[in-house]
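**Q** Before anything else, here's the structure in question.
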Amino acid sequence: MPDTNAALVLAEEERESLLPPWDRQIFACRDLSLRQVDWIGFDMDYTLLRYHTEAIEQLSYEVALQKLVEMGYPEALLGLRYDPQRAIRGVLVDKELGHLLQMDRHRRVGVAYHGHRRLTPAECAPYHAERLSVSSSARFYLVDTIFSIPEACLFCDLVEWVETQGLPNFSTWEVMFEDVRRAVDRMHAEGHMHRAVISDVDRYLCYEPEVGQVLQRFRASGKKLFLLTNSGWEYTQHVMGYLLGNKDPLDLGWQNLFDMIVVSAGKPSFFVEDRPFVWLDRQGQPLSSQELPVDGPCRAVGGSLQQMNDLFGVVGERILYVGDHLYGDVLSPKKRSNWRTMWIFEELEEELRVLRMLAAELEEREHLWAEQRLLESERSYQLLLFERLRQERTMLGPAGGSILEERICGVQDRIAQLQQEERAHNKRLRELDARIAHPFNPHWGMRFREQREYSYMAEQMRGYACLYASRVSNFLFYPPVQFFHAPQPPLPHEQALQLPLHAPGQEGVRG
Ligand SMILES: [Mg+2]
C-alpha cells in the first residue's frame, strides 16, 4: 500500500519549492500576459545588476562630500557620518525651503523634515494652500532611485549643519542643493564610482547567477531580449562579464544572451529625441559600416525609441521593459510609447518583511478603522435625528413641542458621548499608526502609504508600472507564459451595499 500521507507531504514540499516565496512575488498593477510579449528589455544598474546597497551608498556619500570640500565647503564636514534612514525613495526635496517631504497621492504633505527636525503640522500647512506642481516645477526634486538616496541624506545633513553650526558663504538652500548635485555629477563624470566598483567587485556587486538563468529561460521560450543602459561600454562589459560570465570581466559570452545591447542610451532622452544608433563590434569599437549588423547581437551606443521602432517595427504593446528608475525606466517609456513596463524596487522585500512582522498590529488597525466608521455612522444618524426632532418641535408649537424636549436632550447627550468616544478612538489610532510606522523607517514610515492614502510614489507606480517586483530573478518562480492579473478593487459605489450608511441595529430616522 502506498503511503498516501507521505506522498501528500512530498507534493506539498515540491509545490513550496517551486512557487514564489512571499517576498519574491511579482505584482501586477495592470493585467499582463507574457504570451503577448515578444521583446523583453532590461536596464542594467539596480535592475539586472544589484549592488550591496550599504557599501555603495556609503561610498557615494563620502566621495560626494569630498567633492563638496574640493568645491570650497569646510573640511570639518568630512566628519559627517552617513545615515541611510534620513531619506527614502519617494521623498521630495524642496530646494526653496530646504525641506524633505513625503506626499500622498493628492499631493498633500504628511511628513516633512528640515535637516533632522520634523516639521509640525502648522509648518506643513502652507503646502496645502494649492496643489503642488511636482513634475513641472524646478523647485522640487524627486528622489526616485536608490542612487539618489545618499545625496538626499547629504543635503539633509548639510541643512542640519547650517541650522546648528552655520556655514560660511551660505546663500540659499537652492544653491546648496545644486552644489550637492554638482558634486555628485562630478563624482560620476570623473569615474570615481565605476573605478571603485571595478577595483573591488565582490565588495560592491551582488553575484546572482539566477539572473542569467532568467535570461536563458526567456530566450529558450522564444523571446527576444535587449539591454538598454545609460552606463558606458567599458563598465557594462566589466560588470555583465562578472554577473553573467561567471565573474570573468573579460568574458564576452554574456553578449549572446541578448539580441540587442544599447549602452550610453541617455534615458530618458532616449524616449524623446530621435538619435541614430552607432553600431559597435564585439569589443565595443565602432563598426566601419553603420548598416544594421546582420548576425549576432546588435551592439550600439545612443539611439532612440524612434530609431528602434523604425529598425525593428515591433508593436509597442509587445515590448516589456524592466527597470528601477521610476521616471527614466517606467514613466518615460509609458508616456512616449505603448511599451509595457516593470518596476524593480528592491526595498520591497524589506517592506514585505515588516508588513508580515506587523500582521497583528495591521489587523488591529483594520478593526479600529471599522469601529471608527461605525462611530461616525452612528453620529451621522443622531445628527439627522436631532434635526428631525427639532423640526417636529417647531411644527407642534410651544404647547405640543415640550413633549419632545426630553428626547432632544437625550440625543444631544448621545452626540456628545459619541464625540468623546471618537476622540479616544482617534488617539488609539494615532498611537498605533506610530507603532506601525517606526519599523519601516523611524523617520518616514511606510514607503507606499502616507497614513491611509497611497504615497505619491505608490500612485506613480500604479499609474505607470504594469508589474513590479523586488528583483529580476523573481521571474524564475513563474512560467514564461505567465498571466499576471491585477487586482480590481470595487469602486466606492460598488461597495455601497456592503457598507451600510448607518450602523445596524440603530433606530431609523424614517419613522
Ligand atoms: Mg538603473
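None of the figures in this text is laboratory data; all of them are computed from the coordinates on show. Since this is a predicted model, take the numbers as computed values, not measurements. Please note: Cβ atoms are built from the backbone with ideal geometry, for glycine as well, and neighbour counts cover all protein chains shown.
**Q** Test of understanding: ordering D295, D433 by Cβ neighbours within 10 Å, fewest first, what list do you get?
**A** Final ranking by Cβ density, sparse to dense: D295, D433.
**Q** Next question. Kindly provide the helix-only [θ] at 222 nm of the chain, computed as the sum of -39,500 (n - 2.57) over DSSP H runs of four or more divided by all residues, to the nearest 500 deg cm²/dmol?
**A** So the helix-based figure for the chain works out to -14000 deg cm²/dmol.
**Q** Which pairs break 28 Å Cα to Cα here: K224/K335; K67/K247; K67/K334; K67/K335; K223/K267; K247/K335?
**A** Violating the 28 Å limit, Cα to Cα: K67/K247; K67/K334; K67/K335; K247/K335.
**Q** What shape does the stretch 405-469 take by its C-alpha gyration tensor, where a ≥ b ≥ c are the square roots of the eigenvalues and a/c under 1.5 counts as rounded, a/b above b/c as prolate, and the rest as oblate?
**A** Here the stretch 405-469 falls in the oblate category.
**Q** Suppose every K and R has +1 on its Cβ and every D and E has -1 on its Cβ; what is the size of the dipole of the chain about the Cα centre, in Debye to the nearest 20?
**A** So the magnitude is around 1120 debye.
**Q** I would also like to ask the following. Does the chain classify as rounded, prolate or oblate by the C-alpha gyration tensor (a ≥ b ≥ c root eigenvalues; a/c under 1.5 gives rounded; else a/b over b/c gives prolate, otherwise oblate)?
**A** Taking the square roots of the gyration eigenvalues as a ≥ b ≥ c, the chain is prolate.
**Q** Using a 10 Å Cβ count of at most 15 others and DSSP loop calls, identify the longest part of the chain lacking such trypsin sites (Lys or Arg not before Pro).
**A** Free of exposed loop sites, the longest segment is 283-451.
**Q** Report the relative contact order of the chain, percent, no decimals, based on alpha-carbon pairs under 8 angstrom and at least 6 residues apart.
**A** The value is 24 percent.
**Q** For a test of the definition: using alpha carbon positions, the gyration tensor, and the 1.5 limit on a/c, classify the stretch 244-295 as rounded, prolate or oblate.
**A** oblate
**Q** May I pose another question? Of all DSSP beta bridges located in the chain, what percent are antiparallel, nearest 5?
**A** Antiparallel bridges: around 55 percent, rounded to the nearest 5.
**Q** In what order do L467, L119 fall by count of nearby beta-carbon atoms within 10 Å, going from fewest to most?
**A** Arranged by neighbour count, lowest to highest, L467, L119 become L119, L467.
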